Amino acid sequence: WGPSAAQMEQISRATYSPTLFADIIYVRDRRLNDHGKYWRHVYKSLVVLEYCIVCGSDSIVKYAKDTIYVIKTLREFQYQDDKGRDQGANIRQKSREIVALLESETLLREARRTKQI
């Protein structure tokens, strides 16, 4: 149910286009602010964002760093589905990983050099 590698590659390439970059940021901002039963939107957005940080333009890295507070708030994301499962756990973990990546120049540089997440 998540984005395919081909879709993420296409989005990361689009971060080099100023017009498409604005569209990507608009959708990212909307999706990261979803909550509750829309937890999948948030998680998928984080997965794509992490991929774009590693494989996309420098602009997406700068934007992510400038808005890191949004990602940091997701470290506290809570949602339990109707069966009592904690669906926020993956979001909390992914947001911690992205924050660590953005706050460590060494980690970021190495990930971008090897294009590995």
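The values are calculated or read from the model by the stated rules, or taken from the named source; none is laboratory data. As the structure is a prediction and not an experimental result, all values here were calculated from the model. Note: ideal-geometry Cβ built from the backbone for every residue, glycine included; neighbour counts use all protein chains shown. Side chains included, ligands, DNA and RNA excluded: accessible areas come from the protein's heavy atoms. Shrake-Rupley method; radii C 1.70, N 1.55, O 1.52, S 1.80 Å.
Label points 7 Å out from Cα along the Cβ direction at Gln78 and Arg30: separation in nm?
Once both label points are built, they end up 2.8 nm from each other.
Just subtract the alpha-carbon distance of Ser104 and Asp86 from 0.36 nm times their residue separation and send over the number in nm, one decimal. Mind dumping the intermediate values first?
On the way: separation 18, 0.36 × 18 = 6.48 nm, distance 2.89 nm.
So the extension gain works out to 3.6 nm.
Once volume of the Cα convex hull per residue in Å³ is worked out from the coordinates, which option in (1) 106; (2) 92; (3) 127 does it equal?
Label (2) holds the value from this structure.
Go ahead and run the numbers for FRET between Arg112 and Ala6, Cβ-Cβ distance against an R0 of 22 Å, rounding to 0.05. Numbers along the way, then the final one.
Details: r = 20 Å, r/R0 = 0.92.
In this case the efficiency is close to 0.65.
Based on Cβ point charges of +1 for Lys and Arg and -1 for Asp and Glu, what charge dipole magnitude is obtained for region 20-117 about its Cα centre, in debye rounded to the nearest 20? Can you show the working numbers first?
Numbers: 19 positive and 14 negative charges, 35 e Å.
For region 20-117, the charge dipole is close to 160 debye.
Please return the longest range in the chain lying between exposed loop sites, taking trypsin sites (Lys or Arg not before Pro), DSSP loop only, at most 15 other beta-carbon atoms within 10 Å, and leaving the sites out.
Details: sites that count: Lys83, Arg85, Lys115.
My reading of the result: 1-82 is the longest stretch.
Note down the accessible area of His41, probe 1.4 Å, to the nearest 10 Å².
Roughly 60 Å² of His41 is accessible to a 1.4 Å probe.
Which helices count as membrane-span-like in the chain under these terms: full DSSP H, at least 15 Å along the axis by C-alpha, Kyte-Doolittle mean of -0.5 or more? List each step's numbers first, then the result.
Details: long enough: 18-32 (21 Å, 0.09); 39-55 (24 Å, 0.85); 89-103 (21 Å, -0.22).
Qualifying helices, which must be both long enough and hydrophobic enough, are 18-32, 39-55, 89-103.
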